[in-house]
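The values are calculated or read from the model by the stated rules, or taken from the named source; none is laboratory data. What you are looking at is a predicted structure, and each value in this text was computed from that prediction instead of being measured. Glycine gets a Cβ as well: all are built from the backbone with ideal geometry, and neighbour counts include every protein chain shown. Remember, those area values only see protein heavy atoms, side chains included, never the ligands or the DNA or RNA. Shrake-Rupley method; radii C 1.70, N 1.55, O 1.52, S 1.80 Å.
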Amino acid sequence: MKVLAGEKLAVPPIWLMRQAGRYLPEYKETRKQAGGFLDLCYNPELAIEVTLQPIRRFGFDAAILFSDILVIPDALGRQVAFREGEGPVLDPIDANGISNLQSDNVLDHLAPVLETVSGLRNELPDETTLIGFCGAPWTVATYMIAGRGTPDQAPARLFALSQPAVFEKLIDILVEASSEYLVAQLKAGADAVQIFDSWAGILGGDQFEKWCLGPVSRIVANVQSEVPGARIIGFPKGCGTQYNTYRERTGVDCIGLDWSVPEEQARMLQQGGPVQGMLDPLRLIAGGDALNDGVDAILDNLGSGPLIFNLGHGITPQTPIAHVEQLVERVRKGR
Ligand code: CP3
């Protein structure tokens with residue numbers, strides 16, 4: 001929370017995107033007990049347990065609520081399933097489906113997730129930040145349109161180009177639902193929230209303004225008007241030279257950087273405020289010098305400004321636990 005307020009700490013705080021997940025045997029165990037993946041997201045007792053697992057094991061400085069960005073389409077009445085080895089599968093939405101989205105009881109549907117947030121705030125030590133989150137409208141829409149993840153999310157890009165007015169209706173619904181959801185998480189006890197825009201980087205030209213910058217700025221404004229002083233991290237993955245525009249236009253307190261951002265650009269971005277990231281998750285799989293060199297490079301480059309140490313994208317299931325331990329030790333040892 002100090003870094004989000006602009007402070008520079010001698011040892012940066014550390015947490016990892018997707019820190020609760022399949023690289024942990026204890027997660028796989030709880031996941032089995034829960035039944036389906038969404039059952040786990042909507043079971044406060046088990047969701048609290050899996051959120052706490054990486055905190056107990058590694059002592060991260062922040063816990064991230066265990067849920068998924070796709071609970072929003074689920075709450076809007078769409079079919080959402082998670083299949084082993086396949087990722088999320090949704091019923092692809094069309095213009096008719098967009099007209100029929102049920103946006104009236106999003107928070108009722110998500111009540112168990114909000115219960116998880118308040119339970120977590122009670123169980124976590126005071127010094128551990130609790131981060132809530134949602135997906136950015138564009139990223140959530142890409143899965144709703146294609147019905148799954150695709151290499152370049154072409155179905156949603158094409159839909160946005162060929163039926164812009166209908167697509168805008170979808171984005172507007174997602175802006176409202178996501179704003180309400182983040183406000184509710186903050187009121188339930190989240191200390192800060194992150195907006196995951198994992199597919200921001202594939203939007204070009206006016207599409208980036210229309211579907212990324214515009215909608216995210218509206219969410220930030222809505223949240224800040226309901227919860228004054230709310231701390232918000234934006235993660236517009238892969239947006240390259242647009243990171244600065246993203247921070248300025250959206251008003252987020254901190255931007256999450258992926259590993260492709262050049263060192264000099266990252267330093268410049270940090271002049272404008274706190275940054276989070278940006279270790280290549282593959283360095284965490286590789287371990288050894290690849291990991292140490294990656295950590296040191298980030299600490300040398302960004303360690304003297306406001307930095308939250310994190311990966312440049314989510315941790316992968318094949319990550320060895322010993323490498324996560326090595327990472328935490330190396331970051332905490334400092335330079
Ligand atoms: O970070 C955390 O530990 C909190 C929980 C969290 C999950 N998903 C749990 C999850 C968070 C913050 C997310 C965000 C999310 N979900 C994003 C944005 C970040 C990113 O990685 O780009 C996206 C795009 C999704 C959608 C999603 N959910 C995909 C594409 C997948 C399949 C990929 C995979 O890893 O299997 C999921 C499933 C998912 N979400 C899992 C977890 C732990 C694995 C499912 C399982 O346990 O069976």
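Under 17 Å from the Cα of Lys333, which lysines turn up, not counting those fewer than eight places away in the same chain?
Excluding near neighbours in sequence, the set is Lys8.
So for each of 70-78, 245-253 I average, over its residues, the number of other beta carbons within 10 Å; can you give me the resulting order with the highest mean first?
70-78, 245-253
For the full complex of protein chains and a 1.4 angstrom probe, list Arg330, Arg83 by accessible area with the highest value first.
Sorted descending by solvent-accessible area, the residues read Arg83, Arg330.
Using the beta-carbon distance between Ala10 and Thr241 and R0 = 45 Å, what value does 1/(1 + (r/R0)^6) give for FRET efficiency, to the nearest 0.05?
Working from the Cβ atoms, E equals 0.90.
Extending each Cα 7 Å along its Cβ direction at Leu158 and Ser304, get the distance between those two points in nm, one decimal.
5.1
Leaving out same-chain residues fewer than 8 places away, which lysines sit with a Cα under 21 Å from that of Lys169?
Lys210
Using alpha carbons only, how many angstrom separate the centre of segment 200-254 from the centre of segment 106-126?
25
Ranked highest first by average number of other Cβ atoms within 10 Å, how do 175-188, 128-141, 154-167, 34-47 line up?
The packing order, highest mean first, is 128-141, 175-188, 34-47, 154-167.
Where in the chain are the helices, taken as whole DSSP H runs, whose Cα atoms extend 30 angstrom or more along the long axis and whose Kyte-Doolittle mean reaches at least 0.0?
164-188
Quote the FRET efficiency, to the nearest 0.05, computed for Asn96 versus Glu168 with a Förster distance R0 of 22 Å and r equal to the Cβ-Cβ distance.
FRET efficiency, Asn96 to Glu168: 0.85.
Tell me the label-point distance for the pair Asp293, Glu176, using the 7 Å Cα-to-Cβ offset, in nm and rounded to one decimal.
About 5.2 nm separates the two model spin labels.
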